[in-house]
Structures are given as structure tokens and as C-alpha cells.
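Read the structure below first, then the notes.
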Amino acid sequence: MAATRKIDGFDGEVVVAGDARYDEARVIWNAMHDKHPALIAYCHSSADVAAVVRHARAEGLAIAVRSGGHSLPGHSTCDGGIVIDLRGLNSIEIDPTARRARVGGGALLGELDVATQEHGLIVPAGVVSHTGVAGLTLGGGVGRQMRRLGLTVDSLLGAELVTATGEFVRADADANPDLFWALRGGGGNFGIVTEFEFRAHEIGDLMVLATFNPIEEAPRVLTLAEEIAASAPDELLWTSFLRRAQPQVWLPDEWVGTLGVVSLIEWSGADLDEGRRVLAGIAERLAASVTSIEQVPFLKMQTAGDELFGHGKRSYVKAGYLAALSPEAIEALIEVASDVSSEFSQVEVLGVGGAITRVDAEATAFPHREAAWLINIPASWVDASEDEREIEWARAVYRAIEPLMTGGAYANFMGDDEDDGAATAYGPALDRLRRVKSAWDPDNVFRLNQNILPINEGKPI
Ligand SMILES: Cc1cc2nc3c(=O)[nH]c(=O)nc-3n(C[C@H](O)[C@H](O)[C@H](O)COP(=O)(O)OP(=O)(O)OC[C@H]3O[C@@H](n4cnc5c(N)ncnc54)[C@H](O)[C@@H]3O)c2cc1C
């Protein structure tokens, strides 16, 4: 039966199967999720969002919420339900004096970066500019400023939401503080955020060391990473990627396709001369085959990965945390990562810590603040015939280091095939999140996410 286009109180556009735009409108970033929603509702206001929520409930249709559409497990689409598309809600207002940013629930990171950088400011968020602010923020938000400024949720001051009953509410430190706590790490379980309010921070150019070492040198690179990161200032961010090198402006063509370690070591302190000195010292010890140290504008850095991580490939992710890059972890990671086939797959060894650890573990719903390293294993490939091989590679890397991990995973770097996804994502925050879920969405209307069952559906607590 064709879906109705008529939604009471809705002023946006509706796309249904058979429309010329339908196939384009149902696409999300990860091509693994080729789903057929009954309708896609393009909202332009919070009133539109509320109208669609009420309509979906009245019709008994599942709701998928889509901002940037980058959900790796495909939670922003569904078969037979309604996709609530928020890209029309992408207005951004900056108050440079108060250093506040009001950001629509459908804005992309690139839009936020451009708007804040006009005033020399940023909101700390992720590293690929076509990612959505909303999904990234609600899961926590890791990025290149996290060691200095914390997670994205640590700069969140408040949010406007449409609830599961189609009401409008605000959540901040004074209004509905439990809901505000849950939004800072608990994902899209509690309502649809139509506007975020963030604290913004000053930032200038970055100093960036980019290196390539062949895979035989990977043990030395990761051992040095552990040694340096253990006492590094917050201004220093270390990321190493075990992968086949992709074309980069700083990388001579002869290395493209070679298996090795690409390291990006970024300095974001105000004193760039000091940054250059620190990075030159690291470069000397890395003795890489290719080394580049460059002063890079923040916006340029934020868009450098856009093409490599572009839309339309097939993807699968596993991730977890390490307290240290021990010799056993380094050996296990390198051995299995070296079996990589796809030129787009990689193991990211991402130094966390810093300001993240200085926020009280119970202040927000994000539970993984103590780890030193986030190991993210995003497999990406083009051809569906390679699905099994690539997924198995990511799982094998994960299995190899799982015994050494601290437990749990970052909700935004998870698939939907964990044995107990909610416990993995939310850990010690889960019981309180369940209570908040029971108060705001007892019927589990918002369930296409790393889902927190309300108390009456979950185990008794
Ligand atoms: C290329 C790429 C790069 C990435 N880089 C980073 C990174 O640097 N740092 C990082 O932390 N993560 C990163 N991620 C992971 C990213 O945070 C998640 O994929 C996140 O869900 C993306 O948000 P989105 O709005 O684009 O996704 P969507 O697919 O639109 O939404 C994902 C889920 O978020 C919820 N949601 C979305 N919008 C709303 C809303 N307005 N209100 C309520 N719930 C909502 C829904 O549950 C939805 O299913 C990256 C992912 C990709 C694919």
C-alpha cells in the first residue's frame, strides 16, 4: 500500500516510493544499508518534526532520524517506516562575545566549522566535515581538539527537543537536568534534537607532523607513540593509521598503496613555534620514510579527509579502548591489521585522554573517560562481493586485541551486531539511562539507535 503524503501540521516535503527523488532520498553514507522507507519527511521546523512524530505513532510506523546520515550501522534509515530528515534545520547562530553557538539539529560539522571560524572559534567535534553534528554529539563526539577541550558533549550547554509524544522541551543544567545528562552520550534515545547550544572556544592554525613508515617499522612507531603520549601535553594529539597509504599532498606517489603506518601528530597550542620544535623532535625519533611538518589552517585540516571518507562505500566498524599500547597489543594489532585487503580500510590508533579524563565520570552519560587509546577499525570497500572478507578482517583485528581492551565501546563507532549493544556502549551509565528513557520514551518510539530499552522492556533494575 502506498504511503500517504498527508501529514497534519507538516509544511515540509514528503518523498515516497515511486517519486523521481525516492532512490536518491533514501541513500545514507554507508552503502551497506539499502533500505526502503515508506516515506522520507524533509522537515524545516521543529513543528514539522513534531507533526511527523505524531503521524508515525498514529500510523504505527517506525521512526528513523537522519541528520548527517553517517550512522555506520544504518540507524538513520529503515524498511517500511518513516525517515525524519533534519537537513533543513541547519541554521547556525554564533554569539562571539558570549562564545555561544546555536546549531540546528540537521547541521553538518563543516557548516559549524565555517560559521565558528568566521570568529576565530570552534566547537570541538569530529574530523570529517560531512558528518552530522547531531548524531556525533549525542554519542559523545571525539575529534582533533578533544585532548585540549574535551568531547563535544563537554561543550554542550543545552538542547531543544521534540519528545516521543510530539511535545517541545528544553534540556540544560536547570531545565530537565536528567534529560540533559542523558543526551550527553546516550544517543538518539530520548527525543529529536532540533537545536543544540554549545560553548565555543578560540583556536588558531595547527602545526601538523605527517609521516609514513613502512609496516616493518610499525612496532617502533607505536612504541614511541605510547612513550610520548603517556606524558604529552593536551595540545598534542597522536593518531596512527595502519593501512595502505592513500594519495596525500605530502606523500610522494611511489608510496601510494604501500602497507604501513600513516601518523598525524597535531599541535593545537597557541605557541606554534613551540609546536614546531616538539614535532621536529618527534619526527627525528620516528625516522620516517616521508616526513612533513606544516602549519595548517583549522578549516583545511577539518576537510582534509572528506574525499577519502566520502559517501557511497560499504562500511563496517569495530572499536574499543586500550589503557596502554603494550608490546602485546602492538604485536597483535600489527599482525592482523597487516592482512588488510581494501585500500580504504584501516586501524586507527587514536590517543585520547587529556581534558576528557578531567570531567567527572558521572557528570555525563559518556562512560569511557579513562582510556588512553581508542582503537577504531573501520573497514570500507566498494564491491558487495567483498562484504564477508572485509567484515571478517575488522572482526579479526578486534578479536586479536579484545582480551587487552578495557571493555565497552564508543557508541558512535559500533555496528549493530554486538551481543549486548547497550551495555557495551553505555556501561555503568546504563541503569540511569534506562530510568531517563522510561520517563521520556516509555514506548521506545526512538529505537533505531544503540537502543536503551525502557525499564518495563529491559531487565528489572
Ligand atoms: C566518515 C565518518 C567520519 C566520522 N568521524 C567521526 C569523528 O571524527 N568523531 C566522532 O565522534 N564520530 C565520528 N564518526 C561517527 C559519527 O559520530 C556517527 O556515525 C554519528 O552517528 C553520525 O551522526 P550523523 O548525524 O551524521 O548520523 P545520522 O545517521 O543522521 O544519525 C545517527 C543516529 O543519531 C541519532 N540522531 C541523529 N540526529 C539526531 C537528532 N537531531 N536528534 C536525535 N537523534 C539524532 C539517531 O539515532 C540516528 O540514527 C564518523 C562517521 C563517519 C561515517
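Rank these for me by crowding, Thr239, Thr131, going from fewest to most other beta carbons within 10 Å. Mind showing how you got there, number by number?
Values: Thr239 18, Thr131 24.
Lowest to highest Cβ neighbour count: Thr239, Thr131.
Counting only other residues whose beta carbon sits under 10 Å from that of Asn376, what net charge do I get with K and R as +1, D and E as -1?
Numbers: positive: Lys318; negative: Glu348.
So the environment of Asn376 carries a net charge of 0.
Can you tell me the equivalent ellipsoid semi-axes for segment 351-461? Use √(5λ) from the Cα gyration tensor, largest first, whole Å. Walk me through the numbers before you get to the answer.
On the way: eigenvalues 150, 87, 27 Å².
Over the Cα atoms of segment 351-461, the ellipsoid semi-axes are 27, 21, 12 Å.
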Give the distance, in whole Å, between the Cα centre of segment 256-334 and the Cα centre of segment 1-76.
-> 37
Quick one: Cα centre-to-centre distance for segment 106-169 and segment 401-421, in angstrom?
-> 23
XL table Lys6/Lys437; Lys6/Lys300; Lys6/Lys35; Lys35/Lys318; Lys313/Lys437; Cα-Cα > 32 Å flagged, in table order, is Lys6/Lys300; Lys313/Lys437
By counting other Cβ atoms within 10 Å of each Cβ, how are Ile7, Ile122 ranked from fewest to most?
-> Ile7, Ile122
Arrange Val397, Val65 by Cβ neighbour counts within 10 Å, fewest through most, would you?
-> Val397, Val65
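What's the ranking of 181-190, 102-111, 320-329 by average number of surrounding C-beta atoms within 10 Å, highest first? Write down the numbers at each step before the final one.
Details: 181-190: 26.8, 102-111: 23.4, 320-329: 17.7.
By packing density, highest mean first, the sequence is 181-190, 102-111, 320-329.
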Just the number, please: percent antiparallel of the DSSP beta bridges in segment 13-85, rounded to the nearest 5.
-> 35
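Here, each number is a calculation from the coordinates, and none is a lab measurement. Fair warning: this is a prediction, and the values are worked out from it, not measured in the lab. All Cβ positions, even for glycine, are placed from backbone atoms using ideal geometry, and neighbour counts span all protein chains on display.
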